[in-house]
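Enquirer: The following block contains the structure, expressed as structure tokens.
The values are calculated or read from the model by the stated rules, or taken from the named source; none is laboratory data. Note that this is a predicted model, so its numbers are computed, not measured. Backbone-built Cβ (ideal geometry, glycine too); neighbour counts: all protein chains shown. Protein only, heavy atoms only, side chains kept; ligands, DNA and RNA dropped before computing areas. Shrake-Rupley method; radii C 1.70, N 1.55, O 1.52, S 1.80 Å.
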Amino acid sequence: MTASGARFSHALFRHAEALLSELLRSVFPADLVVSRYFRQHRELGHADRGFIAETVFLVLRRKRSLSARCADELTSRRLLLAALACLQGMNRRQLEGVLSESESKWLAQAKAVKIDELPPAIRLDLPDWLYAEFMAQYAADEVERLANGLNQPAPLDLRVNPLKAGRSEVLARLLADGLAAEACRYSPLGIRLLGKPALSKHPLFIDGSIEVQDEGSQLLGFLVQPRRGEMIADFCAGAGGKTLLLGALMRSQGRLYAFDVAERRLARLKPRLARSGLSNVYPLQIESERDVKIRRLAGKLDRVLVDAPCSGLGTLRRNPDLKWRQMPASVAELCAKQAAILAAAGSLVKVGGRLVYATCSLLEAENDAVVQAFLAQHPDFVPCSAQDILARQGIAIDVGERLRLLPHQHGTDAFYAAVMDRR
């Protein structure tokens with residue numbers, strides 16, 4: 001049996017090979033390609049889908065070092081075989097029926113490749129430009145730990161909806177249902193599952209008592225620190241994970257705007273909103289950060305969260321394809337967009353209000369550089385200590401003024417956040 005519980009077979013391997021081939025030539029995000037493939041192959045059970053997804057994502061995470069094992073023939077088939085044999089430890093007997101005689105000889109050579117002797121960017125499965133960025137920001141041993149952390153699969157985190165249930169009650173129910181779960185280390189509403197069970201039909205999910213949300217993402221809501229009766233905006237709401245948290249922390253009292261430029265993302269918020277029991281959320285599609293709907297609210301909001309569109313390089317545990325798709329030029333375009341969005345969001349905040357800028361990026365160009373430029377142009381905004389704000393809510397985490405979460409240190413996706421109050 002494989003780690004996902006599916007029994008390895010020639011048919012499963014063929015599915016993994018077909019999916020990987022599609023992923024390697026697709027311009028779309030990997031999770032969308034995988035979802036579409038499984039919709040087209042409904043005959044695959046939960047365990048089979050788990051094995052196929054785990055295997056192709058393993059190849060995407062480790063593609064550079066696996067390519068070094070593939071000699072002159074870099075194919076989806078060889079990448080898969082190298083991953084199964086060299087990383088998953090499957091032997092020739094387990095691969096029987098899949099492996100040809102010539103492949104068997106090549107695989108022996110692939111296993112003999114000394115990964116420790118490869119150039120560090122290849123060994124750590126990073127593109128050269130991203131390795132250079134990390135080396136400019138961190139010490140060499142920290143880069144090693146960071147890259148290894150980003151190359152691990154992400155755990156499945158849940159957030160309890162405090163309008164519907166308490167964390168201890170939800171934990172007890174999950175454990176009673178045979179799901180291995182534990183309280184998250186930092187988020188007071190977080191639960192970490194020790195596996196990847198299907199949750200869409202679980203009663204707690206159906207009734208809105210739980211939502212899937214990475215623990216790091218949950219902490220952003222606590223930095224906003226919303227209060228009942230306030231006017232608040234989630235400026236780049238997307239599918240609304242953080243919107244739902246903000247609304248719950250407001251106890252569904254006040255007014256919470258969920259802005260986004262993409263109608264399809266806001267459409268994904270609607271069923272989640274219905275389950276949540278919230279009545280204070282107002283989803284609004286905007287054309288851009290200069291939309292008239294934004295200008296009408298200038299200087300009126302108590303708090304604004306900007307989870308800005310970014311490179312997503314802090315989410316490589318779940319989106320490993322991003323490191324091969326992002327380029328310095330695309331990051332530079334994002335930085336210009338981030339600066340414009342932050343300025344527009346700042347215009348909404350009233351005197352005495354709070355602005356939180358966040359990304360799931362590891363790059364200083366998208367993080368500190370954007371915030372420092374904003375502060376230089378807006379002296380009425382004053383930085384606040386993220387660590388102190390969280391401590392006042394009973395969340396003990398050693399991050400200093402700006403929140404910097406790293407997978408190898410905090411067990412979350414990599415998040416950055418800066419809190420600024422308007423004086």
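Enquirer: For region 75-89, give me the residue count where each residue is under 10 Å from Val59 (Cα atoms) and of a type in the set (S, T, N, Q).
Expert: Total satisfying the criteria: 1.
Enquirer: Please state which one of Leu355, Leu316 is closer than 19 Å to Leu245 by Cβ, in contact (Cβ under 8 Å) with a residue 12 or more places away in the chain and not polar (S, T, N, Q).
Expert: Of Leu355, Leu316, the one residue that is closer than 19 Å to Leu245 by Cβ, in contact (Cβ under 8 Å) with a residue 12 or more places away in the chain and not polar (S, T, N, Q) is Leu355.
Enquirer: If you check Arg62 against the conditions, is it in contact (Cβ under 8 Å) with a residue 60 or more places away in the chain, within 28 Å of Gln326 (Cβ to Cβ) and in contact with a helix residue (DSSP H, G or I) (Cβ under 8 Å, 6 or more places away or on another chain)? Break it down stepwise before answering.
Expert: On the way: in contact (Cβ under 8 Å) with a residue 60 or more places away in the chain: yes; within 28 Å of Gln326 (Cβ to Cβ): yes; in contact with a helix residue (DSSP H, G or I) (Cβ under 8 Å, 6 or more places away or on another chain): yes.
So Arg62 fits the description; yes.
Enquirer: Report whether or not Leu158 is at pLDDT 95 or above, part of a helix (DSSP H, G or I) and either open to solvent by 30 Å² or more (accessible area, probe 1.4 Å) or touching a strand residue (DSSP E or B) at 6+ places or on another chain (Cβ under 7 Å) (or both).
Expert: No, not satisfied.
Enquirer: Can you tell me how many residues in region 262-295 are part of a loop (DSSP other than H, G, I, E, B), open to solvent by 20 Å² or more (accessible area, probe 1.4 Å), closer than 27 Å to Lys350 by Cβ and at pLDDT 95 or above?
Expert: Matching residues across region 262-295 total 2.
Enquirer: Among the β-branched types (Val, Ile, Thr), open to solvent by less than 60 Å² (accessible area, probe 1.4 Å) and either assigned to a helix (DSSP H, G or I) or touching a helix residue (DSSP H, G or I) at 6+ places or on another chain (Cβ under 8 Å) (or both) - does that describe any residue in region 36-52? It would help to see each step written out before you state the result.
Expert: Within region 36-52, the first condition is being among the β-branched types (Val, Ile, Thr), and the residues that meet it are 52.
This time we only want the ones that are open to solvent by less than 60 Å² (accessible area, probe 1.4 Å), so: 52.
Narrowing further to those that are either assigned to a helix (DSSP H, G or I) or touching a helix residue (DSSP H, G or I) at 6+ places or on another chain (Cβ under 8 Å) (or both): 52.
Checked against the condition, which is being among the β-branched types (Val, Ile, Thr), open to solvent by less than 60 Å² (accessible area, probe 1.4 Å) and either assigned to a helix (DSSP H, G or I) or touching a helix residue (DSSP H, G or I) at 6+ places or on another chain (Cβ under 8 Å) (or both), region 36-52 yields at least one hit.
Enquirer: Okay, moving on. List, please: which pairs have Cβ atoms under 8 Å, are six or more places apart or on different chains, and start with a residue in region 196-207 that is without any contact (Cβ under 8 Å) to a residue 60 or more places away in the chain and under 19 Å from Pro162 (Cα atoms) and end with one that is open to solvent by 70 Å² or more (accessible area, probe 1.4 Å) and basic (Lys, Arg)?
Expert: So the pair list comes out as Leu204/Arg173.
Enquirer: Restricting to region 345-404, name every residue that is open to solvent by less than 30 Å² (accessible area, probe 1.4 Å) and assigned to a strand (DSSP E or B).
Expert: Within region 345-404, Val349, Gly353, Arg354, Leu355, Val356, Tyr357, Ala358, Thr359, Phe381, Cys384, Leu403 meet the criteria.
Enquirer: Between Gln88, Gln94, which is under 25 Å from Asp116 (Cβ atoms) and surrounded by fewer than 18 Cβ atoms within 10 Å (Cβ to Cβ)?
Expert: None of the others qualify; the one that does is Gln88.
Enquirer: All but one of (1) within 24 Å of Trp324 (Cβ to Cβ); (2) out of contact with any Ser or Thr (no Cβ under 6 Å at 6 or more places or on another chain) hold for Arg93; which doesn't?
Expert: (1)
Enquirer: Could we say that Ala336 is aliphatic (A, V, I, L, M) and in contact (Cβ under 8 Å) with a residue 12 or more places away in the chain here? Talk me through it step by step, then tell me what you get.
Expert: Numbers: aliphatic (A, V, I, L, M): yes; in contact (Cβ under 8 Å) with a residue 12 or more places away in the chain: no.
The answer is no for Ala336.
Enquirer: Given the structure, is Lys337 of a type in the set (D, E, K, R), in a helix (DSSP H, G or I) and closer than 17 Å to Tyr357 by Cα?
Expert: yes
Enquirer: If you don't mind, another one. Among Gly254, Gly299, which is without any contact (Cβ under 8 Å) to a residue 60 or more places away in the chain, in contact with a Gly (Cβ under 8 Å, 6 or more places away or on another chain), of a type in the set (Gly, Ala, Ser) and on the phi > 0 side of the Ramachandran plot?
Expert: Details: Gly299 fails: in contact with a Gly (Cβ under 8 Å, 6 or more places away or on another chain).
On inspection, the qualifying residue turns out to be Gly254.
Enquirer: Please find, among Gly254, Gly221, the residue that is modelled with pLDDT of 95 or more and in contact with an Asp or Glu (Cβ under 9 Å, 6 or more places away or on another chain).
Expert: Answer to the selection: Gly254.
Enquirer: Next question. Quick check on Phe259: is it within 11 Å of Arg303 (Cα to Cα), buried (at least 24 other Cβ atoms within 10 Å of the Cβ) and under 21 Å from the mean Cα position of the chain (by Cα)?
Expert: no
Enquirer: Same structure again: Of all residues in region 248-261, which are within 22 Å of Thr359 (Cβ to Cβ) and in a helix (DSSP H, G or I)?
Expert: Leu249
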